[in-house]
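Right, one structure below, let's go through it.
The values are calculated or read from the model by the stated rules, or taken from the named source; none is laboratory data. Bear in mind that the values here come from a model prediction, so they are computed numbers and not experimental data. For neighbour counting, all protein chains shown are included, and Cβ atoms are generated from backbone atoms with ideal geometry for every residue, glycine included. When the accessible area is computed, the model is the full protein with side chains, heavy atoms only, and any ligands, DNA or RNA have been set aside. Shrake-Rupley method; radii C 1.70, N 1.55, O 1.52, S 1.80 Å.
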Amino acid sequence: MQERIISHLREKEGFISGEEISRQLRVSRAGIWKHIRELRRQGYRIEALPHEGYRLVSVPDKLFPGEIAYRLNTVLIGKEIIYKKEVTSTMDEAFVLGTAGCPDGTVICAENQTKGRGRMGRSWVSPKGKGVYFSAVLRPRLDLSDAPKMTLLFAAAVCEALREVSNLPVKIKWPNDLMVENKKIAGILTELNAEIDRIRFMVVGLGININSALTQLPSQSASLKSETKKSFSRVLVMQKVLRALDEWYIRMQKEGFVPVMDRWKELSMTLGQRVRLSDADGVLDGVAVDLSPEGGLIIEQDDGARVKRMSGDVSLRLQVS
Ligand code: BTN
(Lines give C-alpha, C1' and ligand atoms only; values in the text may rest on other atoms or scores of the structure.)
Protein backbone atom coordinates (compact mmCIF):
# COMPACT_ATOMS: atom_id res chain seq x y z
CA MET A 1 0.00 0.00 0.00
CA GLN A 2 2.79 2.44 0.89
CA GLU A 3 4.36 1.93 -2.55
CA ARG A 4 1.02 2.73 -4.15
CA ILE A 5 0.61 5.89 -2.08
CA ILE A 6 4.09 7.03 -3.09
CA SER A 7 3.38 6.37 -6.74
CA HIS A 8 0.19 8.48 -6.50
CA LEU A 9 2.13 11.31 -4.86
CA ARG A 10 4.81 11.12 -7.54
CA GLU A 11 2.35 11.39 -10.37
CA LYS A 12 1.08 14.76 -9.04
CA GLU A 13 3.20 17.87 -9.40
CA GLY A 14 1.45 19.63 -6.50
CA PHE A 15 -0.85 18.52 -3.70
CA ILE A 16 -3.22 15.60 -3.89
CA SER A 17 -6.10 15.49 -1.44
CA GLY A 18 -6.37 12.73 1.13
CA GLU A 19 -9.88 12.15 -0.16
CA GLU A 20 -8.68 11.51 -3.71
CA ILE A 21 -5.96 9.08 -2.61
CA SER A 22 -8.41 7.32 -0.33
CA ARG A 23 -10.96 7.01 -3.16
CA GLN A 24 -8.44 5.75 -5.71
CA LEU A 25 -6.83 3.25 -3.38
CA ARG A 26 -10.02 2.30 -1.55
CA VAL A 27 -8.54 2.92 1.88
CA SER A 28 -10.04 5.12 4.61
CA ARG A 29 -8.52 8.56 5.11
CA ALA A 30 -7.40 7.48 8.57
CA GLY A 31 -5.68 4.52 6.92
CA ILE A 32 -3.92 6.81 4.43
CA TRP A 33 -2.74 9.03 7.30
CA LYS A 34 -1.31 6.00 9.09
CA HIS A 35 0.65 5.01 5.98
CA ILE A 36 1.88 8.58 5.46
CA ARG A 37 3.23 8.57 9.03
CA GLU A 38 5.03 5.31 8.34
CA LEU A 39 6.46 6.65 5.06
CA ARG A 40 7.77 9.72 6.88
CA ARG A 41 9.39 7.41 9.41
CA GLN A 42 11.17 5.69 6.49
CA GLY A 43 12.60 9.03 5.36
CA TYR A 44 10.08 10.26 2.78
CA ARG A 45 9.40 13.98 3.23
CA ILE A 46 5.69 14.50 2.69
CA GLU A 47 4.09 17.87 3.27
CA ALA A 48 0.52 17.87 4.59
CA LEU A 49 -1.68 20.98 4.44
CA PRO A 50 -5.28 21.33 5.58
CA HIS A 51 -7.67 21.66 2.59
CA GLU A 52 -4.82 20.91 0.17
CA GLY A 53 -3.75 17.39 1.02
CA TYR A 54 -0.33 15.79 0.61
CA ARG A 55 2.74 16.60 -1.47
CA LEU A 56 5.89 14.55 -1.92
CA VAL A 57 8.89 16.76 -1.17
CA SER A 58 11.78 14.29 -1.29
CA VAL A 59 12.53 10.60 -1.18
CA PRO A 60 15.22 8.89 0.96
CA ASP A 61 18.32 7.45 -0.66
CA LYS A 62 17.45 3.95 0.48
CA LEU A 63 17.45 1.01 -1.89
CA PHE A 64 13.70 0.50 -1.42
CA PRO A 65 12.22 -1.71 -4.16
CA GLY A 66 9.59 0.94 -4.99
CA GLU A 67 12.32 3.54 -5.59
CA ILE A 68 14.41 1.26 -7.76
CA ALA A 69 11.43 -0.04 -9.70
CA TYR A 70 10.15 3.49 -10.45
CA ARG A 71 10.60 3.98 -14.21
CA LEU A 72 13.14 1.16 -14.31
CA ASN A 73 11.57 -0.38 -17.40
CA THR A 74 13.64 -3.54 -17.55
CA VAL A 75 12.37 -6.74 -19.12
CA LEU A 76 13.92 -9.30 -16.78
CA ILE A 77 16.51 -8.03 -14.37
CA GLY A 78 14.92 -6.40 -11.33
CA LYS A 79 11.31 -7.20 -12.20
CA GLU A 80 11.28 -8.64 -8.71
CA ILE A 81 13.33 -6.75 -6.10
CA ILE A 82 13.74 -7.76 -2.50
CA TYR A 83 15.17 -5.38 0.07
CA LYS A 84 16.78 -6.10 3.42
CA LYS A 85 18.32 -3.64 5.79
CA GLU A 86 21.01 -6.04 6.88
CA VAL A 87 22.08 -9.49 5.72
CA THR A 88 25.14 -11.64 6.14
CA SER A 89 25.58 -11.59 2.37
CA THR A 90 23.09 -10.97 -0.43
CA MET A 91 24.61 -14.12 -2.02
CA ASP A 92 23.20 -16.26 0.82
CA GLU A 93 19.77 -14.67 0.46
CA ALA A 94 19.83 -15.15 -3.32
CA PHE A 95 20.60 -18.85 -2.97
CA VAL A 96 17.59 -19.28 -0.71
CA LEU A 97 15.40 -17.44 -3.23
CA GLY A 98 16.84 -19.35 -6.18
CA THR A 99 16.28 -22.70 -4.50
CA ALA A 100 12.68 -21.69 -3.72
CA GLY A 101 12.14 -21.08 -7.46
CA CYS A 102 12.16 -17.26 -7.75
CA PRO A 103 11.85 -15.84 -11.30
CA ASP A 104 14.82 -15.25 -13.60
CA GLY A 105 16.29 -11.79 -12.86
CA THR A 106 15.16 -11.54 -9.22
CA VAL A 107 17.36 -9.08 -7.34
CA ILE A 108 18.05 -8.94 -3.63
CA CYS A 109 19.76 -5.86 -2.25
CA ALA A 110 20.80 -4.71 1.21
CA GLU A 111 22.00 -1.56 2.94
CA ASN A 112 24.51 -3.53 4.96
CA GLN A 113 26.30 -6.88 4.77
CA THR A 114 27.92 -8.30 7.87
CA LYS A 115 29.76 -11.02 5.91
CA GLY A 116 30.01 -9.68 2.36
CA ARG A 117 32.22 -11.99 0.34
CA GLY A 118 34.45 -11.57 -2.69
CA ARG A 119 36.32 -13.79 -5.10
CA MET A 120 38.96 -16.24 -3.95
CA GLY A 121 37.70 -16.42 -0.37
CA ARG A 122 38.14 -12.73 0.31
CA SER A 123 35.65 -10.57 2.17
CA TRP A 124 33.83 -7.61 0.66
CA VAL A 125 33.79 -4.54 2.87
CA SER A 126 30.27 -3.08 2.73
CA PRO A 127 29.97 0.28 4.56
CA LYS A 128 26.34 0.62 5.58
CA GLY A 129 24.21 2.82 3.30
CA LYS A 130 27.25 3.90 1.29
CA GLY A 131 27.35 1.43 -1.56
CA VAL A 132 25.18 -0.78 -3.68
CA TYR A 133 25.29 -4.44 -2.70
CA PHE A 134 23.04 -6.82 -4.55
CA SER A 135 22.78 -10.29 -6.02
CA ALA A 136 20.73 -11.34 -9.02
CA VAL A 137 19.37 -14.85 -9.53
CA LEU A 138 19.69 -15.80 -13.19
CA ARG A 139 18.36 -18.82 -15.02
CA PRO A 140 20.11 -18.67 -18.40
CA ARG A 141 19.75 -21.70 -20.64
CA LEU A 142 23.45 -22.31 -20.94
CA ASP A 143 25.92 -25.13 -20.54
CA LEU A 144 27.98 -25.09 -17.40
CA SER A 145 31.05 -24.25 -19.49
CA ASP A 146 29.46 -20.92 -20.47
CA ALA A 147 29.29 -19.64 -16.87
CA PRO A 148 32.57 -17.64 -17.04
CA LYS A 149 31.21 -15.73 -20.03
CA MET A 150 28.24 -14.60 -17.97
CA THR A 151 30.70 -13.00 -15.57
CA LEU A 152 32.24 -11.11 -18.47
CA LEU A 153 28.77 -9.97 -19.50
CA PHE A 154 28.21 -8.56 -16.04
CA ALA A 155 31.56 -6.82 -16.03
CA ALA A 156 30.95 -5.16 -19.41
CA ALA A 157 27.44 -4.05 -18.47
CA VAL A 158 28.45 -2.66 -15.08
CA CYS A 159 31.46 -0.91 -16.60
CA GLU A 160 29.25 0.82 -19.17
CA ALA A 161 26.73 1.88 -16.50
CA LEU A 162 29.40 3.27 -14.16
CA ARG A 163 31.04 5.22 -16.98
CA GLU A 164 27.72 6.70 -17.96
CA VAL A 165 26.70 7.68 -14.46
CA SER A 166 30.06 9.11 -13.33
CA ASN A 167 31.98 10.01 -16.49
CA LEU A 168 34.97 8.26 -14.93
CA PRO A 169 37.25 6.18 -17.17
CA VAL A 170 36.16 2.88 -15.56
CA LYS A 171 37.86 -0.20 -17.02
CA ILE A 172 37.73 -3.94 -16.45
CA LYS A 173 40.57 -5.91 -14.93
CA TRP A 174 40.24 -9.59 -15.87
CA PRO A 175 38.00 -11.27 -15.14
CA ASN A 176 35.61 -8.84 -13.53
CA ASP A 177 37.07 -6.09 -11.36
CA LEU A 178 35.91 -2.59 -12.19
CA MET A 179 38.80 -0.20 -11.85
CA VAL A 180 39.53 3.49 -12.04
CA GLU A 181 43.21 3.65 -12.83
CA ASN A 182 44.64 1.12 -10.42
CA LYS A 183 41.91 1.37 -7.80
CA LYS A 184 38.99 -0.99 -7.48
CA ILE A 185 35.59 0.64 -7.52
CA ALA A 186 33.34 -2.42 -7.89
CA GLY A 187 33.58 -6.19 -7.88
CA ILE A 188 31.52 -9.08 -9.19
CA LEU A 189 31.15 -12.53 -7.72
CA THR A 190 29.53 -15.39 -9.64
CA GLU A 191 28.37 -18.53 -7.87
CA LEU A 192 26.45 -21.47 -9.26
CA ASN A 193 23.84 -23.98 -8.32
CA ALA A 194 24.51 -26.61 -10.97
CA GLU A 195 24.38 -30.24 -11.95
CA ILE A 196 27.37 -31.89 -13.58
CA ASP A 197 26.68 -30.29 -16.98
CA ARG A 198 23.76 -27.92 -16.45
CA ILE A 199 23.29 -24.63 -14.64
CA ARG A 200 20.21 -24.77 -12.39
CA PHE A 201 20.64 -21.12 -11.56
CA MET A 202 23.45 -18.72 -11.09
CA VAL A 203 23.84 -15.94 -8.57
CA VAL A 204 25.76 -12.89 -9.64
CA GLY A 205 26.68 -10.50 -6.85
CA LEU A 206 27.77 -6.94 -7.36
CA GLY A 207 29.33 -4.55 -4.89
CA ILE A 208 29.89 -0.92 -5.92
CA ASN A 209 31.65 1.63 -3.74
CA ILE A 210 29.55 4.73 -4.20
CA ASN A 211 29.60 7.30 -1.41
CA SER A 212 32.11 5.58 0.90
CA ALA A 213 35.11 7.48 2.19
CA LEU A 214 38.52 6.00 1.43
CA THR A 215 39.01 5.39 5.16
CA GLN A 216 36.06 2.95 5.06
CA LEU A 217 37.53 0.89 2.22
CA PRO A 218 40.47 -1.48 1.82
CA SER A 219 43.65 -0.03 0.32
CA GLN A 220 43.79 0.07 -3.49
CA SER A 221 40.04 0.83 -3.54
CA ALA A 222 38.08 3.89 -4.54
CA SER A 223 34.48 5.02 -4.61
CA LEU A 224 32.58 7.10 -7.14
CA LYS A 225 32.61 9.86 -4.54
CA SER A 226 36.32 9.65 -3.73
CA GLU A 227 37.12 9.92 -7.43
CA THR A 228 34.67 12.68 -8.42
CA LYS A 229 34.24 14.56 -5.10
CA LYS A 230 30.49 14.30 -5.66
CA SER A 231 27.80 12.26 -3.92
CA PHE A 232 25.65 9.94 -5.99
CA SER A 233 22.10 8.71 -5.58
CA ARG A 234 22.53 5.00 -4.97
CA VAL A 235 19.08 4.39 -6.41
CA LEU A 236 20.03 6.06 -9.70
CA VAL A 237 23.30 4.13 -9.91
CA MET A 238 21.50 0.87 -9.23
CA GLN A 239 18.87 1.65 -11.87
CA LYS A 240 21.54 2.37 -14.49
CA VAL A 241 23.31 -0.87 -13.63
CA LEU A 242 20.12 -2.97 -13.74
CA ARG A 243 19.17 -1.49 -17.13
CA ALA A 244 22.61 -2.22 -18.58
CA LEU A 245 22.51 -5.78 -17.23
CA ASP A 246 19.04 -6.30 -18.64
CA GLU A 247 20.06 -5.05 -22.08
CA TRP A 248 23.16 -7.23 -22.26
CA TYR A 249 21.41 -10.29 -20.82
CA ILE A 250 18.68 -10.09 -23.43
CA ARG A 251 21.13 -9.35 -26.22
CA MET A 252 23.22 -12.38 -25.23
CA GLN A 253 20.15 -14.60 -25.44
CA LYS A 254 19.51 -13.37 -29.00
CA GLU A 255 23.03 -12.95 -30.38
CA GLY A 256 25.22 -15.17 -28.21
CA PHE A 257 28.44 -14.13 -26.51
CA VAL A 258 30.42 -12.64 -29.41
CA PRO A 259 29.16 -9.05 -28.88
CA VAL A 260 29.72 -9.44 -25.11
CA MET A 261 33.33 -10.53 -25.60
CA ASP A 262 33.97 -7.73 -28.11
CA ARG A 263 32.63 -5.13 -25.69
CA TRP A 264 34.58 -6.66 -22.81
CA LYS A 265 37.78 -6.40 -24.85
CA GLU A 266 37.11 -2.73 -25.65
CA LEU A 267 36.66 -1.96 -21.96
CA SER A 268 39.56 -4.08 -20.73
CA MET A 269 42.64 -2.68 -19.02
CA THR A 270 44.27 -6.12 -18.95
CA LEU A 271 44.69 -7.05 -22.60
CA GLY A 272 47.97 -5.96 -24.11
CA GLN A 273 49.54 -5.54 -20.67
CA ARG A 274 52.31 -7.36 -18.86
CA VAL A 275 50.62 -9.25 -16.06
CA ARG A 276 51.27 -11.60 -13.20
CA LEU A 277 48.53 -14.15 -12.64
CA SER A 278 48.39 -15.91 -9.28
CA ASP A 279 46.25 -18.96 -8.70
CA ALA A 280 46.33 -22.20 -6.73
CA ASP A 281 49.07 -23.50 -9.08
CA GLY A 282 51.39 -20.58 -8.43
CA VAL A 283 52.42 -17.52 -10.37
CA LEU A 284 52.50 -16.92 -14.11
CA ASP A 285 54.19 -13.93 -15.77
CA GLY A 286 53.68 -12.75 -19.31
CA VAL A 287 51.65 -10.54 -21.59
CA ALA A 288 47.84 -10.86 -21.56
CA VAL A 289 47.24 -11.25 -25.28
CA ASP A 290 43.59 -12.29 -25.61
CA LEU A 291 40.43 -13.78 -24.20
CA SER A 292 39.83 -17.43 -25.06
CA PRO A 293 36.45 -18.31 -26.59
CA GLU A 294 35.33 -19.58 -23.15
CA GLY A 295 36.28 -16.32 -21.40
CA GLY A 296 39.68 -17.41 -20.07
CA LEU A 297 42.78 -15.22 -20.18
CA ILE A 298 45.51 -16.12 -22.66
CA ILE A 299 48.97 -15.19 -21.46
CA GLU A 300 52.03 -15.24 -23.66
CA GLN A 301 55.11 -16.10 -21.65
CA ASP A 302 58.54 -14.73 -22.44
CA ASP A 303 59.52 -17.90 -24.34
CA GLY A 304 56.52 -17.36 -26.63
CA ALA A 305 54.39 -20.17 -25.16
CA ARG A 306 50.73 -19.29 -24.76
CA VAL A 307 48.79 -20.53 -21.75
CA LYS A 308 45.15 -20.15 -20.81
CA ARG A 309 43.81 -19.59 -17.31
CA MET A 310 40.12 -19.65 -16.35
CA SER A 311 40.54 -18.15 -12.89
CA GLY A 312 43.09 -16.35 -10.82
CA ASP A 313 44.15 -12.97 -9.65
CA VAL A 314 45.82 -10.65 -12.09
CA SER A 315 48.13 -7.79 -11.26
CA LEU A 316 49.41 -5.46 -13.92
CA ARG A 317 53.19 -5.19 -14.11
CA LEU A 318 55.18 -2.27 -15.38
CA GLN A 319 56.13 -2.62 -19.05
CA VAL A 320 59.92 -2.75 -19.41
CA SER A 321 60.98 -1.06 -22.64
C1 BTN B 1 35.18 -9.37 -5.76
O2 BTN B 1 35.60 -8.38 -6.35
O3 BTN B 1 35.94 -10.12 -5.16
C4 BTN B 1 33.70 -9.64 -5.77
C5 BTN B 1 32.98 -8.77 -4.80
C6 BTN B 1 31.48 -9.01 -4.82
C7 BTN B 1 30.77 -8.26 -3.73
C8 BTN B 1 29.29 -8.37 -3.83
S9 BTN B 1 28.44 -7.28 -2.74
C10 BTN B 1 26.94 -8.07 -3.09
C11 BTN B 1 27.23 -9.54 -3.15
N12 BTN B 1 27.19 -10.10 -1.81
C13 BTN B 1 28.39 -10.54 -1.42
O14 BTN B 1 28.63 -11.06 -0.32
N15 BTN B 1 29.28 -10.36 -2.38
C16 BTN B 1 28.70 -9.74 -3.55
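Looking only at residues in region 138-150 that are assigned to a helix (DSSP H, G or I) and among the charged types (D, E, K, R), which one is farthest from the ligand (Cβ to nearest atom)?
Asp146
Here is a yes/no grid of residues against (1) open to solvent by 60 Å² or more (accessible area, probe 1.4 Å); (2) among the aliphatic types (A, V, I, L, M); (3) touching a Phe, Trp or Tyr at 6+ places or on another chain (Cβ under 9 Å):
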site	(1), (2), (3)
Ile5	no, yes, yes
Arg10	no, no, yes
Glu19	yes, no, no
Lys62	yes, no, yes
Asn73	yes, no, no
Glu86	yes, no, no
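For residues in region 181-203 being more than 13 Å from the ligand (Cβ to nearest atom) and of a type in the set (Val, Ile, Thr), which is surrounded by the most Cβ atoms within 10 Å (Cβ to Cβ)?
In this case the residue turns out to be Ile199.
Could you grab the pairs with beta carbons closer than 6 Å, sequence gap of 6+ or different chains, first residue in region 1-21 and within 23 Å of Ile68 (Cα to Cα), second one surrounded by 14 or more Cβ atoms within 10 Å (Cβ to Cβ) and among the β-branched types (Val, Ile, Thr)?
His8/Ile21; Ile21/Ile32
Which is under 26 Å from Asp104 (Cβ atoms), within 14 Å of the ligand (Cβ to nearest atom) and without any contact (Cβ under 8 Å) to a residue 60 or more places away in the chain, of Leu206, Leu178?
Of Leu206, Leu178, the one residue that is under 26 Å from Asp104 (Cβ atoms), within 14 Å of the ligand (Cβ to nearest atom) and without any contact (Cβ under 8 Å) to a residue 60 or more places away in the chain is Leu178.
Can you tell me which residue is farthest from the chain's Cα centre (by Cα) among those in region 204-216 that are open to solvent by less than 20 Å² (accessible area, probe 1.4 Å) and farther than 23 Å from Ala100 by Cα?
The extreme case among them is Ser212.
Does Ile82 meet the test of being open to solvent by less than 40 Å² (accessible area, probe 1.4 Å) and touching a residue at least 24 places away in the same chain (Cβ under 8 Å)?
No.
Which residue, of Ala48, Ala110, Ala94, is open to solvent by less than 50 Å² (accessible area, probe 1.4 Å) and not assigned by TED's automatic domain parsing to the domain that holds Leu217?
Ala48
Assuming Gly121 fulfils every condition listed in (1) over 21 Å from Gly78 (Cα atoms); (2) modelled with pLDDT of 95 or more apart from one, which condition is it?
Exception for Gly121: condition (2).
Among the numbered criteria (1) open to solvent by 10 Å² or more (accessible area, probe 1.4 Å); (2) away from the ligand (no atom under 15 Å from the Cβ); (3) in contact (Cβ under 8 Å) with a residue 60 or more places away in the chain; (4) of a type outside the set (D, E, K, R), which single criterion is violated by Leu153?
Going through (1) open to solvent by 10 Å² or more (accessible area, probe 1.4 Å); (2) away from the ligand (no atom under 15 Å from the Cβ); (3) in contact (Cβ under 8 Å) with a residue 60 or more places away in the chain; (4) of a type outside the set (D, E, K, R) one by one, Leu153 breaks only (1).
Considering only region 226-280, how many residues are aliphatic (A, V, I, L, M) and in contact with a Gly (Cβ under 6 Å, 6 or more places away or on another chain)?
Total satisfying the criteria: 2.
Under the condition of being free of Cβ contacts under 8 Å to residues at least 60 places away in the same chain and acidic (Asp, Glu), which residue from region 266-319 is nearest to Cys159 (Cα to Cα)?
Checking each candidate, the answer is Glu266.
Residues that are touching a residue at least 24 places away in the same chain (Cβ under 8 Å), within 16 Å of the ligand (Cβ to nearest atom), more than 16 Å from the chain's Cα centre (by Cα) and surrounded by fewer than 21 Cβ atoms within 10 Å (Cβ to Cβ): does region 25-37 have at least one?
Scanning region 25-37 turns up no residue that is touching a residue at least 24 places away in the same chain (Cβ under 8 Å), within 16 Å of the ligand (Cβ to nearest atom), more than 16 Å from the chain's Cα centre (by Cα) and surrounded by fewer than 21 Cβ atoms within 10 Å (Cβ to Cβ).
Residue-by-condition table, conditions (1) assigned by TED's automatic domain parsing to the domain that holds Gly207; (2) within 16 Å of the ligand (Cβ to nearest atom); (3) within 23 Å of Ala157 (Cβ to Cβ):
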| position | (1), (2), (3) |
| --- | --- |
| Leu72 | yes, no, yes |
| Ile81 | yes, yes, yes |
| Thr99 | yes, no, no |
| Thr106 | yes, yes, yes |
| Lys115 | yes, yes, no |
| Arg119 | yes, yes, yes |
| Ser126 | yes, yes, yes |
| Gly131 | yes, yes, yes |
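Quick one: Ser135 ticks every box in (1) surrounded by 17 or more Cβ atoms within 10 Å (Cβ to Cβ); (2) in a helix (DSSP H, G or I); (3) polar (S, T, N, Q) bar one, so which box is it?
Condition (2) is where Ser135 drops out.
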